[in-house]
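Step one of this worksheet: look at the structure below.
Any read-out appearing in this document is the output of simple, stated calculations on the displayed coordinates, not a laboratory observation. Nothing here was measured: the structure is a model prediction, and the numbers come from that model. For neighbour counting, all protein chains shown are included, and Cβ atoms are generated from backbone atoms with ideal geometry for every residue, glycine included.
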Amino acid sequence: MSKLQTLKMNDPLNYVGSTYFKTREELVTSFCEGITVGPNNHTFFKGNKVIVLGRDQKTKDYFGFLAECNGTYYGPAKKFFPTFSRPKVIVNGIKPITEIHQIPSSLIGKLTNGGVPVDNREAVASYLQYKDKRTSAIVVVESSFVAAPKHNSLTKMFMRLLETIKTLVRL
């Protein structure tokens, strides 16, 4: 995929977007609730692939997952992500394609406002799909559990799951 193809947001087959959360809690909320935000207040088109990236503030490790935008949009980010740096951006509905995995910072490169730089997105998306195929110890959540954006016990469960993943990655 060329850089030009990557930038065509209205072409869902070729576009890979990226968004970045500064905390792992926001990343887990995004995964559990099936929502994310676009950088610089733009929305993703239905079918766009999106790398959702977050950072563990203690270890400084990056974690993320690959998702597909489902074409639904919700209110401002502050409603779902109280500490998000841009509280008025629109929230996009997504369906996670992969589980949450640790991503080497060397693969990500230098972060941009949207997270993964355009030139590195294809590699990061491929890495997440590869890691997902190789991971058998992680529980897969059915998309029916992620029907409506609201905080619930599922978010807390995934916070504990993320801690378990971090432990497994270190082994």
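Mind checking the dipole of segment 82-130: about its Cα centre, +1 per Lys or Arg Cβ, -1 per Asp or Glu Cβ, Debye to the nearest 20?
Numbers: 5 positive and 3 negative charges, 53 e Å.
So the dipole magnitude of segment 82-130 works out to roughly 260 debye.
Which net charge results for the neighbourhood of Phe84, defined as the other residues with beta-carbon distances under 12 angstrom from its beta-carbon, given Lys and Arg at +1 and Asp and Glu at -1?
On the way: positive: Lys22, Lys78, Lys79, Arg86, Lys88; negative: Glu25, Glu26.
Residues near Phe84 contribute +3 overall.
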**OP:** Among the aspartates and glutamates, select those whose C-alpha is under 15 Å from the C-alpha of Lys88, and discard any that sit fewer than 8 residues away in the same chain.
**Re:** none
**OP:** Under 15 Å Cα to Cα from Lys131, which aspartates and glutamates show up? Leave out anything in the same chain fewer than 8 places away.
**Re:** Glu99, Glu122
Original post:
With a 10 Å Cβ neighbour count serving as the proxy for reagent exposure, in which order, fewest first, do Arg121, Arg55 appear?
Top reply: Arg55, Arg121
**OP:** Read phi for every residue in segment 46-62 and hand back ³J(HN,Hα) as whole Hz from Karplus 6.51 cos²θ - 1.76 cosθ + 1.60, θ = phi - 60°, with x for Gly and Pro.
**Re:** 4, x, 4, 7, 9, 8, 9, 10, x, 10, 6, 5, 7, 8, 6, 7, 9
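Report the extension gain between Lys95 and Thr72 in nm, rounded to one decimal, defined as 0.36 nm multiplied by the number of residues separating them, less their alpha carbon distance. Walk me through the numbers on the way to the answer.
Numbers: separation 23, 0.36 × 23 = 8.28 nm, distance 1.06 nm.
Length difference between fully extended and current span is 7.2 nm.
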Subject >> Under-5 Å amide H pairs with Ile35, H placed in peptide plane, nonlocal only >> reply: Ile94
Original post:
What is the spin-label model distance, in nm, from Phe45 to Ser105 if the labels are put 7 Å beyond Cα along the C-beta direction?
Top reply: 3.5 nm
Original post:
Excluding Asn70 itself, what net charge comes from residues whose Cβ is under 14 Å from its Cβ, given Lys and Arg +1 and Asp and Glu -1?
Top reply: +1
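Can you sort Tyr130, Tyr20 from fewest to most other Cβ atoms within 10 Å of each residue's own Cβ? Each step should come with its number before you reach the end.
Working: Tyr130 12, Tyr20 24.
Placing the least packed residue first, the sequence is Tyr130, Tyr20.
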Subject >> Amide H partners (placed H, <5 Å) of Val116, local residues excluded >> reply: Thr19
**OP:** For each of Phe84, Phe63, count neighbouring Cβ atoms within 10 Å of the residue's Cβ, then give the residues from fewest to most.
**Re:** Phe84, Phe63
Subject >> Nearest-20 debye value, segment 8-116 charge dipole, Cβ charges on Lys, Arg, Asp, Glu >> reply: 340 debye
